[in-house]
Each structure stands twice: as structure tokens, then as C-alpha cells.
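Worksheet for the structure shown next.
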Amino acid sequence: MNKELNISVVIPAFNAEKTIGQCLVSVCEQTRKPLEVIVVNNKSADQTKRIVLEFIDKHQDIAACCVDEYRQGPSFARNCGAKLAKGDIVAFIDADCVADASWLRLVSESFGGSDVGAVAGSIIGFDRRTLIGKFHSLFTMRRLPESTMFHEFKLVSGGFPTANLAVRKTLFEEIGGFSEDMPFYAEDYDLCARIYSKEHHIYYNREVIVFHQHRQDVGSTWRQSYGFGSGHAPLLKRHFRRMVIVEAPRLLYISEKWPLRAWLDMASADKKFMLCLILSGLWWPFSMVLPAYLIMLYRDIGRRLKLEHIDADPRDKWGMVFLLLFKSLAMTSGRLTGSLRHGVICF
């Protein structure tokens, strides 16, 4: 039954001239061919549209098209593409991603029952040569340890990025697509929450892989991490009347019995760093805690690099210690801003 599912691929593209060509090649060279490929040009000011049209002209054996969506934002672009899709499944991938050759075949095989409303997969760093590329491969959109069926949205679990997410077309239409009033970086998790609300499940298949070309400078890394953090508060406000989440080292507390909405992540690297500073200021013997913590981060990064088979010298590892503190501080800043804007506690 799964082999008969037709899959439409939707690619939102905004100023993607450097990556859209590789993305299109990877999608069109799948071991299981898509029914169609829909690229949505979202007000690009570069050569994105020209590159897409030239690709389509050279590959007329592929059912592909390029449409314009003049309302700026990924929700508008993805909704535009999904509305045109004719397939049973709408598979979303970002313009800065490269799909593994078996991507669509495994997506199709993962829809094993009518209650599976969507399939999510792994997002792996594409460039592992640069310092920042190695860092993002370890700490941005991390791959889950095993394939799992998810049944509910709990903020800390059950939500997946749309860079690698496939949804049944009928279900997508039933829930109204992406919420166009949700902030950027929250719209994909919001979609997942509404899929569960219709008593459908999301199957995370670890082997459904796309390679993501992560941010390559600290400025865009800050903006992305800040955006991720700022998206937590609106999700907390929209999908829960009561919810308390407390994350700490070796502790995860989740409860809906308390009459408030709060998400406290006390396990992030920036908060641990600040705690070490405070302890050092309170009593001088604690001054050794901070260097000990930094050494612990260094060793943990080395362990992660080894598990991912990524080579890095000591200088790179210390650079990644800084980037981890930088990224976690950006996320905390976004969470605080979102808290003030949406009237929940998110820190």
C-alpha cells in the first residue's frame, strides 16, 4: 500500500541562490521519484528564481514548477506550495538542504498505518569541515538516538522541524495547514501539535535523512538561536492551559496540575556558566568551579565529535565551547523576550 502513495515535494525558497541547485538535484535523483516538485519563490531578491527556472528547463522529464508567494514567511510559502500539491503526501524540505537518495522511499515506507499523520526524519549537518559547521552538526537540530512513534506534543518532545517533515495531504488540509499568525521558528512545532490534536501520530524515522547547510557565521547563528528561543513562549501559550516544565541536569519535571504556564530550562550551558560565576563571587574556593566546568564542556564536545566521526583539533574544540555558550545565551534571550511578549514564564 505504501508504494502506491504519491509524494509531492514542496521547497520554500528565499534568497537561496547558493543552495537551491543542490537541493533540486538531490530531490530529483531519489531512488523513489516524487510525483512533482513545487518550488515556492518567497520574494527572493537574488537569482533564486532564475536558477530554479533554468533547472526546470533542463530537466523536463521531472514534473516541477516554480510559483511566487509574495507574502514573506515560510508558513505562507509552504501553504502556497501545499495547496497546489496533487500527491497523497506533501514532503517539505528547505532550500538549504540536500536529501539523501533514499529520502522519499523511506518516507513512503514510514506511513505504516492510517493513524500515522506525518513522518519526520533526521537533519544532519552538510558541511563538517569548518569550525562552525562542526559545531552545528553537534548542537543544531540534533538527531534522535532511535526511531520512535510520537503520540503527543510536550514542548520538549513531539515537535519536529519542517526541513524534513512529510504530512498526509488530507490531514494537512483538515488542520488548515501552517498557522500563518505563528512566529517564525514556531510554526512547524505548532503544526505538529495540531496533528496530534486530530488523534494522528508522528513517526520519527531516524533513517529518513536530509543534510542541512547550517549557518556559517556567528551573527546568523545568534539570530537563528534567538528565534528558536522566542518561539517557545507562543507554543506554550497556545497549546497548554496548564504546563510546568523544569529541566535540570539529570532531571526533567513535567506537570499539568499547576495553574500556570512555565518552562524553566536550568540545564543550558549559559545558565550553568552563570551559576559558576555567582558561586565564585560568593566564596573564593568556588573559583575553581568555573574552569572545571569549561574543561567538562571541552571533554563532552570531544566525546560527541568522536561519536559523530568528526575530526577536530584542540583549538576547534575550545572554539566550540565558546559557540555553545554563545548559542545557549541567544536562546535564553529569545525565551525571555517571548515570555514578556506572550505573558508566560519561559526561561
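Here are some notes:
- In region 167-236, GluC sites (Glu not before Pro) in a DSSP loop with at most 15 other beta-carbon atoms within 10 Å: GLU180, GLU199
- Spatially proximal lysines relative to LYS43 (Cα-Cα < 26 Å; intrachain offsets below 8 disregarded): LYS18, LYS58, LYS83, LYS86, LYS169
- Eligible lysines near LYS306 by straight Cα distance, threshold 21 Å, same-chain separation 8 or greater: LYS134, LYS317
- Sparsely packed loop sites in region 190-225 (the trypsin sites (Lys or Arg not before Pro) outside DSSP H, G, I, E and B with at most 15 other Cβ atoms within 10 Å) comprise LYS198.
- Contact order, relative form, for the chain: 16 percent (alpha carbon pairs under 8 Å, 6 or more residues apart, mean separation divided by residue count).
- Shape call, region 24-134: gyration tensor on alpha carbons, a/c limit 1.5: rounded
- The alpha carbon centroids of region 1-80 and region 91-165 are separated by 18 Å.
- Rounded if a/c under 1.5, otherwise prolate or oblate - region 234-308, Cα gyration tensor axes: oblate
- Sites matching trypsin sites (Lys or Arg not before Pro) across region 20-87 that sit in DSSP coil, with at most 13 neighbouring C-beta atoms within 10 Å: ARG71, LYS86
- With Cα atoms defining each centre, region 321-343 and region 253-314 are spaced 15 Å apart in the structure.
- Residue-normalised convex hull volume from the C-alpha trace of region 112-214: 103 Å³ per residue.
- Region 1-60, accessible surface, carbon-and-sulfur percent (1.4 angstrom probe): 50
- Close amide H pairs (under 5 Å, H built 1.01 Å from N) link ALA99 with SER26, VAL27, PHE211, residues at least 5 positions away or on another chain.
- When a 1.4 Å probe is rolled over the protein heavy atoms, the share of accessible surface on region 163-229 that falls to carbon and sulfur comes to 50 percent.
- Taking amide H positions as modeled 1.01 Å from N, with prolines and chain starts lacking one, the residues under 5 Å from VAL116 and 5 or more places away or on another chain are HIS201.
- Ordering GLN72, ALA95, ILE11 by the projection of their Cα atoms onto the charge dipole of region 1-122, which places +1 on the Cβ of Lys and Arg and -1 on the Cβ of Asp and Glu, puts GLN72 at the extreme positive end.
- Taken about its Cα centre, region 143-241 carries a charge dipole of about 200 debye when Lys and Arg each add +1 at the Cβ and Asp and Glu each add -1 at the Cβ.
- Beta bridge orientation in the chain: antiparallel %, DSSP, nearest 5: 40
- Surface analysis of the chain yields an accessible area of 49 Å² per residue, using protein heavy atoms and a 1.4 Å probe.
- Net dipole in debye of the chain [+1 Lys, Arg Cβ; -1 Asp, Glu Cβ; about Cα centre; nearest 20]: 1040
- Solvent accessible area, Å² - LEU251, 1.4 Å probe, full protein context: 90
The values are calculated or read from the model by the stated rules, or taken from the named source; none is laboratory data. Here the structure is a predicted model, which is why all the values come from computation and not from measurement. With ideal geometry, Cβ positions are generated from the backbone for all residues, glycine too; neighbour counts draw on all protein chains shown. Areas reflect the complete protein model, heavy atoms only, side chains present, ligands, DNA and RNA absent. Shrake-Rupley method; radii C 1.70, N 1.55, O 1.52, S 1.80 Å.
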